[in-house]
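Read-outs throughout are calculated quantities, based only on the coordinates presented, and are distinct from any laboratory measurement. Because the structure is a prediction, the values reported are computed rather than measured. Quick reminder, even Gly has a Cβ in these numbers, built from the backbone with ideal geometry, and neighbours come from all protein chains shown.
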2 protein chains.
Amino acid sequence: MASIKDVAAAAGVSVATVSRVLNEHPSVSADARTRVLAAVAALGYRPNAVARSLRTDQTHTLGLVISDVLNPYFTELARSVEEEARALGYSVIIGNADERPELQDHHVRNLLDRRIDGLLVSPTDGGSPLMLDAARAGTPMVFVDRWIPGLDVPVVRADGRAAVRELVAHLYRLGHRRLAIIAGPAATTTGSERVEAFRAALAEHGLALPDAYTGHGDFQAESGRRVTEGFLDLPEPPEVVFAADNLMALGALDAVRARGLRVPDGLALAAFDDIPWFVHTDPPVTAIAQPTGELGRAAVRALVDRIEGRTPRSVTLPARLVVRRSCGEPAAPFPTQSPSPVQRSTS
Amino acid sequence: MASIKDVAAAAGVSVATVSRVLNEHPSVSADARTRVLAAVAALGYRPNAVARSLRTDQTHTLGLVISDVLNPYFTELARSVEEEARALGYSVIIGNADERPELQDHHVRNLLDRRIDGLLVSPTDGGSPLMLDAARAGTPMVFVDRWIPGLDVPVVRADGRAAVRELVAHLYRLGHRRLAIIAGPAATTTGSERVEAFRAALAEHGLALPDAYTGHGDFQAESGRRVTEGFLDLPEPPEVVFAADNLMALGALDAVRARGLRVPDGLALAAFDDIPWFVHTDPPVTAIAQPTGELGRAAVRALVDRIEGRTPRSVTLPARLVVRRSCGEPAAPFPTQSPSPVQRSTS
DNA sequence: AGTGGTTGTGTAATCGATTCCACGAGCCCA
DNA sequence: TGGGCTCGTGGAATCGATTACACAACCACT
């Protein structure tokens, strides 16, 4: 593959001049410029990004470490991150942690070794020494969706509390009183926050959240199935299960179906994170939708601000409830007189 | 961040010795080794992968350009690719082409500029000059799922012909005679092959595939919806629609539902590519399942063989039919006496 | 004692870019 | 005419690693 020296030789100039042409430095004569550009075209020359990075100490690359690529929420996030990064002149290397802290560490280490310009993380745990050190050492970093408390790192996330209150109000209105939750890992902020929001919302209606109705999952489908089976085995099973993410909801759906029960009569279901498939499941699933694309874009903007010397801002956007049929009430065929801001999907 | 010079100074040796210790070169004294390792630990030194790549001309990185990240098939593929690559000591940079040739080109160019060791591509079209040149110039490359004819590049893919024949036999047995297909772009191999396999299978039953029953989609949901609406507007609409990928099937499901019809009574549906959600849709969707994980792993192995000087092999694995309820017959509650190798899912 | 071989180490070249600095040419103005 | 500009250019240092080569020290043989 041709290098800058070959181009310089072909154009009859020095490598410095070639570099200046390529970087649009003003003081290059028109004559030299055309000769260089001709040589570049003739040789099919492309600058070696590795060499450039070594010299300039910038890779124009962002690292994105997400918790689980098979989760459509994170896929959509990754997509919007890549789009916004591309628009700003950066590429993205994605690391999939699969909800495993040691894999997350592997990717963070790998990305740091590659001298990425900045790191976007949705941590699977409270943070390894590696990540904490990197943050404190000044590696540009932004947390997205989940975060690690106590670090001076901007956070871009959705606030689901209002939507969870709406959801609980909706469930209460439908007559449900025994409400259970499948929580995520307590080490993640989204794992604990969603439980707290749910518990607080229940309290507003004078309802408690007993331990037996608090299942511990890991944000993956299998745990949703396992926890739901436990609920169904209780002497007094819950009437509704609220899964803290879409994959655990999928597992719950499996478990209900495996018992020969139906949603919502046997057990009603709601989920955090809305995805296109929820419109088509049997029945369509009531969910709390995050503004995923907006979160990804905002996270990239914050990170690039940090990298380029501007001051990054944390961003919190509201999530919203999307009512479908998995909790009992058939979606109204026409707008009801409901004064609440609950949205109804078209499904 | 500490460099090799800092380590050398701290350990009281030359940079060459540090490098030897790090690369496990045999002729280093035990004494020097321990001093170097101590300095490495004390400084928290990590080798700069950028500098190393420049010198060795290897990045230990594979590029993966996929057609659409939002398609669960490709997500699963990407995941297995990353896993296998990691096991073999490589990282992966994913580029999402979104079924747009110019975006595909952008990513290929970007990856080549970064001097990735090899490229895994699932082409969205017949191949741009850039990609053809790279292949001919000797860039290690492997095609996965889709390929470009006429290039000497190994191909790792699934052969769906047998499964399509089984599907058509299944549909015929259920009494369906008017069968339509939503094809992918003719520029992709999977776009044209699936139509050909379908047409050939129909011919075995004495059925034709009229133009009116051949819809042209682009592998994304919206096109599935549009084509299906067209089918439903025909004076004599088809009884079954076979979507050439899962997203177009999702679009078809939308279109059917929007008309107030139901699957399979209003219109039966089958899809190429099976995904976890198809078990939970209303009704569960009959699909042709590819051995996705195996494909991803085989593709990485072929590419790494090529990179490391061994001779890569093309691989073709069979796809298989998974019968569910979207074509009419309720899944049998117990194994039938069917002598055919058709698999039945547990849904 | 001299020869040859092994072992451990350092010096310096190298990868492909960017960029500081020096220098010559041309111009303007005093 | 000469001093000070600006402009265009090339030489060379530099980024952080790897590695060819030279060499010193040591050992083992003849």
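Some points to look at:
- Springs between Cα atoms under 10 Å define the GNM used for chain A, and in it the highest mean-square fluctuation of A:ASP265, A:ASP125, A:ASP145 occurs at A:ASP265.
- Chain B - share of DSSP beta bridges that are antiparallel (%, nearest 5): 10 percent
- Kirkwood Rh in Å, taken over region B:17-129 so that all alpha-carbon pairs contribute: 16.5 Å
- Position A:ARG259: other-copy label points at 3.8 nm, ordered by increasing distance, label point 7 Å along Cα→C-beta.
- For the peptide B:45-58, the mean number of other protein chain Cβ atoms found within 10 angstrom of a residue's Cβ is 4.
- Cα shape, the protein assembly as shown, gyration tensor, a/c 1.5 rule: oblate
- Residue order, fewest to most beta carbons within 10 Å, for B:MET141, A:MET1: A:MET1, B:MET141
- Karplus-derived 3J(HN,Hα), 6.51/-1.76/1.60, for each residue of region A:51-58, Hz, glycine and proline x: 5, 4, 5, 4, 6, 8, 6, 9
- Max mean-square fluctuation residue, GNM over chain A, Cα-Cα springs under 10 Å, options A:ASP282, A:ASP273, A:ASP233: A:ASP233
- Chain A: relative contact order as a whole-number percent, Cα under 8 Å and 6+ apart: 15 percent
- DSSP loop GluC sites (Glu not before Pro) with at most 14 other Cβ within 10 Å: longest gap in chain A: A:25-307
- Against chain B, whose longest principal axis is taken from its Cα atoms, helix B:72-87 shows a tilt of about 30°.
- Label-reachable residues, region B:187-216, where backbone N falls under 12 Å from a point 7 Å from B:ALA169's Cα toward its Cβ: B:205
- Between copies, A:GLU236 shows label-point distances of 6.3 nm, shortest first, with the point placed 7 angstrom from Cα along Cα to C-beta.
- Relative exposure of A:LEU267, A:LEU247, A:LEU103, judged by other C-beta atoms within 10 Å (fewest first): A:LEU103, A:LEU267, A:LEU247
- Counting Cβ atoms of other protein chains within 10 Å of each Cβ in B:84-96 and taking the mean gives 3.
- For region B:104-250, fraction of C-alpha pairs farther apart than 24 Å, in %: 41 percent
- Proxy reagent accessibility, fewest Cβ within 10 Å first, across A:PHE242, B:PHE74: B:PHE74, A:PHE242
- Note on B:HIS205 and B:ASP133: with the Förster distance fixed at 41 Å, the Cβ-Cβ geometry gives a FRET efficiency of about 0.35.
- Calculated FRET efficiency for the pair B:THR316/B:LYS5, C-beta based, R₀ 51 Å, to 0.05: 0.50
- With a cut-off of 11 Å between beta carbons, the residues surrounding A:ALA298 carry a summed charge of +1, where Lys and Arg count +1 and Asp and Glu -1.
- Each residue of region B:183-193 was assigned a 3J(HN,Hα) from its phi angle through the Karplus expression (A = 6.51, B = -1.76, C = 1.60, θ = phi - 60°), giving 8, x, x, 5, 6, 9, 5, 5, x, 7, 4 Hz with x at Gly and Pro.
- Label positions at A:ALA30 and A:ASP265, each projected 7 Å from the Cα along the C-beta direction, are separated by 8.3 nm.
- Highest-MSF residue in chain A out of A:TYR45, A:TYR213, A:TYR90 [GNM, Cα springs under 10 Å]: A:TYR45
- Tilt relative to chain A, helix A:221-233 - C-alpha long axis, 0 to 90 degrees, to 10: 10 degrees
- Tensor-based shape of chain B (alpha-carbon gyration tensor, a/c under 1.5 rounded, otherwise prolate or oblate): prolate
- For B:ALA243, distant residues with modelled amide H under 5 Å away: B:ILE182, B:ALA270, B:ALA271, B:PHE272
- Nearest-first distances (nm) between copies at B:LEU151, label 7 Å from Cα via Cβ: 3.9
- Relative to the longest principal axis of the Cα atoms of chain B, the long axis of helix B:101-113 makes an angle of roughly 20 degrees.
- Contact order relative to length of region B:250-290, as percent, for alpha carbon pairs under 8 angstrom and 6 or more apart: 32 percent
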